[in-house]
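As structure tokens, the structure follows; a few thoughts come after it.
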């Protein structure tokens, strides 16, 4: 297999982008990444685009072809494929792009992710997102994602002594980081009291424990390392790209305080990259709810199982902590356009490893990790990147 | 331009607290109240509707203005809850105040700004000398689906304005800003409106109200500090405060016209009632900015200067009327709204 590098990144601002359509979001992120990489359209061999539920959010399927058309590359007739794995769609698109380049099949691949979530109203967004759970045995019986993650939070609190305040500290930290990210949906600080006083969504999760509904798109350009040197000297190598899957339904899992797919993906990724959790300088993890970040830092081996809440409280994951987590603001503050999230995480880590993260820059970061989860852990994707 | 010759207002005396509605739906009243800056809303009695509210307001306006109602050449009633789909509210009002039969009359609908659209028409008719006096009313008994977010604010009330050549307040200028923006709607035959939730904010209310206010100030060369009072449409108690701050107005300029926290959103009555509350206390020479908003969407902005004639005008004290209230529980509210029929 060939070594693969990321030679360009691009993303839109995340937020309620009333004035921008899905197609415009895809175009904007794609063009930015292409300009960043300094490649030409005719250099592109294939495209992968992550989108969770474009069919239900905007009534548009077949978005691979759409992405090709907005890129103006229809005359090349290159393959453009939509990838779906719920909220891990972007991460899986990255994994597909990685395989395509590593295998030698394609040289330059565009990976994108996009979602336009604000065109639906009422409980419709919640219902659409619930399609990432087991519709027959969970969603039909009223389970929603806030509900499922609330179960995890309850279990974690009961068995490990995690507190509401520790959950809130995840949101407070990520809002602080978001306030330093000009592309974040929420660029304002919040306090623990703000979180605890916000309306309850699914006990014990308050509104400010939950990631928002967001429009946005992100893209990255992949190339073999030897070809990458032609375009850039800021080469970010993909040291590991691992996808792991598990049961669709949450109730079929062996444990409720961990996502076994994420544990598995992380373990394999560390092996593939030849690094340990303590080697990671910066990480973007899937904090769709505050409890999800606590479970993530445990599953990734940054801390022991059950110690995630305490570690957050002690500042381990803060911007100036030992392993800064979600420097972008995470899903909580940066926003969570589901299909785009996995690729947006890659954007942040690439910026960190290039030293381009400005006020939220982690000094001297050379190895970074992304952790992208679909549903309640039916899919997990871990990438480890390194600046070479 | 033309002037406000007289005004009258009416808000039903019944109230329901946000707390009571939240209790029924198992929601946290505190976060809803602080989120919306609304604490209670007016409730129309079982025998009140847009026609009765309009008549109440119109009668008060005619009485206070001391004009001969037969000289009213136009009556326009703006509402999104006219009692009939076909059969005007305006004729009921015109007949009740003794303005018939020599006049033109029509019902208007432009969500919450149909009343100010009526004012603009009256201004035009007076300016063109087609009529001596025109009456524009904005009134609603706003509908909200039980359990919907609108239920905490959808209220009842209305205000009537008599427009003529001279009066208690000169209308110096009016402008409108209108686009096709579907943020809130109700189709024929549907009992309750639908809405785009957060879409009703930034691209709808804030864009239109903000732009209309700026257009007006640009056209006449004024700035926020030139105004003693400002009234912005009040779908809740938060939006008008936020747009005021954004435009550079201070709290003291808007607080006298801000009624939503204590009566809810009276829809077509909202901005016009806010203006009436300000006229209740305004002094000669004071300047007022009023901006309405109607979903769909558009805003009408008015620049108004109070005249000496206000001194002898019998002010009605809207805030005093609002204070005379009686609380009802949710079941009574539902009975009054005829939800059980």
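A short reminder: the numbers here are calculations on the coordinates, not readings from a lab. Keep in mind the model is a prediction, meaning the values are calculated, not measured. Virtual Cβ from ideal backbone geometry, glycine too; neighbours counted across all protein chains shown.
Taking neighbour counts of Cβ atoms within 10 Å as a proxy for exposure, in what order, fewest first, do A:193, A:293, B:109 appear? Provide the component values of the computation, followed by the final result.
Details: A:193 11, A:293 29, B:109 17.
Ascending number of Cβ neighbours within 10 Å: A:193, B:109, A:293.
Mind pulling up the Rg/Rh value for the range A:260-302? Radius of gyration and Kirkwood radius, both on Cα. Could you put the intermediate results ahead of the total?
On the way: Rg = 10.3 Å, Rh = 10.7 Å.
Reported Rg/Rh (Cα atoms, Kirkwood Rh): 0.96.
Please give the helix A:164-178 orientation as an angle from the longest Cα principal axis of chain A, in degrees from 0 to 90, rounded to the nearest 10.
Approximately 30 degrees, to the nearest 10.
Compute the orientation-averaged projected area for the range B:169-311 from the convex hull of its Cα atoms and round it to one decimal in nm². Please report the intermediate quantities before stating the final value.
Working: hull surface 34.7 nm².
Mean orientational projected area (the range B:169-311, Cα hull): 8.7 nm².
Per the Kirkwood formula on distinct C-alpha pairs, the Rh of the range A:215-306 is how many angstrom?
Details: mean 1/r = 0.0646 Å⁻¹.
Evaluated over the range A:215-306, this radius sits at 15.5 Å.
The range B:191-265 to the range B:1-50: how many Å between their Cα centroids?
Cα centres, the range B:191-265 to the range B:1-50: 18 Å.
If you wrap a convex hull around the Cα atoms of the range B:42-92, how much volume per residue is inside, in Å³?
Normalising the Cα hull of the range B:42-92 by residue number yields 98 Å³.
For each of B:116, B:211, count neighbouring Cβ atoms within 10 Å of the residue's Cβ, then give the residues from fewest to most.
Numbers: B:116 33, B:211 16.
Lowest to highest Cβ neighbour count: B:211, B:116.
Can you tell me how the range A:1-52 classifies by the Cα gyration tensor, rounded, prolate or oblate, using a/c under 1.5 as the rounded cut? Mind dumping the intermediate values first?
Details: a/c = 2.18, a/b = 1.90, b/c = 1.15.
The shape class here is prolate.
Percentage of Cα-Cα pair distances in chain A greater than 40 Å, rounded to whole percent?
Details: 5372 of 75078 pairs.
Tail fraction, whole percent: 7.
Using 0.36 nm per residue of separation minus the Cα-Cα distance, give me the extension gain between residue B:1 and residue B:86 in nm, one decimal. Intermediate values should be presented prior to the final figure.
On the way: separation 85, 0.36 × 85 = 30.60 nm, distance 3.36 nm.
Value of the extension gain: 27.2 nm.
Roughly what angle does helix A:290-299 make with the longest principal axis of chain A, taking Cα atoms, 0 to 90 degrees, to the nearest 10?
Rounded to the nearest ten degrees, it is 70.
In deg cm²/dmol, rounded to 500, what helix-only [θ] at 222 nm does chain B give when every DSSP H run of at least 4 residues adds -39500 (n - 2.57) and the total is split over its residues? Show your work: numbers first, answer last.
Details: 12 runs with 108 residues, N = 341.
One gets -9000 deg cm²/dmol as the mean residue ellipticity at 222 nm.
Helix A:341-354: angle to the longest alpha-carbon principal axis of chain A, degrees 0 to 90, nearest 10?
70
State whether the protein assembly as shown is rounded, prolate or oblate according to the following rule on the C-alpha gyration tensor (a ≥ b ≥ c being the square roots of its eigenvalues): a/c under 1.5 gives rounded; otherwise a/b larger than b/c gives prolate, and the remaining case gives oblate. All intermediate terms of the calculation are to be shown ahead of the outcome.
Values: a/c = 2.61, a/b = 2.14, b/c = 1.22.
It comes out prolate by the Cα gyration axes.
Shape of the range B:1-79 from its Cα gyration tensor (a ≥ b ≥ c, root eigenvalues): rounded if a/c is under 1.5, otherwise prolate when a/b > b/c, or oblate? Write out the running numbers ahead of the final one.
Values: a/c = 3.64, a/b = 2.53, b/c = 1.44.
Taking the square roots of the gyration eigenvalues as a ≥ b ≥ c, the range B:1-79 is prolate.
Divide by every residue of chain A the summed helix terms, -39500 (n - 2.57) for each DSSP H run of at least 4, and state the resulting mean residue ellipticity at 222 nm, rounded to the nearest 500 deg cm²/dmol.
Mean residue ellipticity, 222 nm, calculated: -11000 deg cm²/dmol.
When B:112, B:260 are ordered from fewest to most other Cβ atoms inside 10 Å of their Cβ, what list results? Mind dumping the intermediate values first?
On the way: B:112 33, B:260 28.
So the ranking, lowest neighbour count to highest, is B:260, B:112.
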